[in-house]
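Written below as structure tokens is the structure these notes are about.
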Amino acid sequence: MELKVGDTIPNFRAKDTNGIDFDSATVVGHKPLVIYFYPKDNTPGCTAQACSFRDQYEDFKDLGAEVIGISSDSVGSHQKFAKQFKLPFILLSDSDKKIRKLFGVPTGMFGLLPGRVTYVTDKNGVVQMIFDSMLATKHIPKALAAIKKLV
């Protein structure tokens, strides 16, 4: 299944940066979401993307939105990544790639890398925008523009 604009995101659970169980039901129905899937912690593109989301995080929060980053890295890797770059948003560990499969995130680079896709949902969890691009820093302005259209 590959999510499309107008679909409702599936419910999912994963461990967050602190090893605590995160359930998407705690935010869906309450606020718009920016859910971005990225290939790997501490790689140049993923670091640039995370730091760009960090730098604009208050803009997302001011619009009532939450940012969630998801990769297959471990909780420990996320802890180091978040601490090193002072990331204020939720990072989820999708080590078994179940969430990636639920969303239908395609692989990039001829199937060699996990895809880099950003989903923006309204507060009810309905997908309003999907941006699929390996150009890491292009995701942030696209997501912010989509969130602004919701308020």
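Odds and ends about this structure:
- Under a 5 Å amide H cut-off, with hydrogens placed 1.01 Å from N, residue 70 pairs with 36, 37, 38, 92 among residues at least 5 apart or on other chains.
- The chain: most fluctuating residue of 16, 132, 59 per GNM, C-alpha cutoff 10 Å: 59
- Placing a pseudo-label 7 Å from each Cα along the Cα-to-Cβ vector at residue 42 and residue 80 gives an inter-label distance of 0.3 nm.
- Anisotropy class of the range 18-87 from Cα gyration tensor, a/c 1.5 cut: oblate
- The share of accessible area on the chain that comes from carbon and sulfur is 55 percent, using a 1.4 angstrom probe.
- When the range 75-151 is reduced to its Cα atoms, the Kirkwood hydrodynamic radius in Å: 14.2
- For the chain, share of DSSP beta bridges that run antiparallel, in % to the nearest 5: 65
- Long-range amide H partners of residue 129 with built H, under 5 Å: 120
- Whether the range 112-151 is rounded, prolate or oblate, judged on the alpha carbon gyration tensor where a/c under 1.5 counts as rounded: oblate
- Alpha-carbon Rg/Rh ratio, for the chain, with Rh computed the Kirkwood way: 0.92
The values are calculated or read from the model by the stated rules, or taken from the named source; none is laboratory data. Everything quoted here is computed from the prediction, not taken from an experiment. Note that each Cβ is placed from the backbone with ideal geometry, even for glycine, and that neighbours are counted across all protein chains shown. Just so you know, the surface numbers come from the protein's heavy atoms only, side chains and all, with ligands and any DNA or RNA stripped out. Shrake-Rupley method; radii C 1.70, N 1.55, O 1.52, S 1.80 Å.
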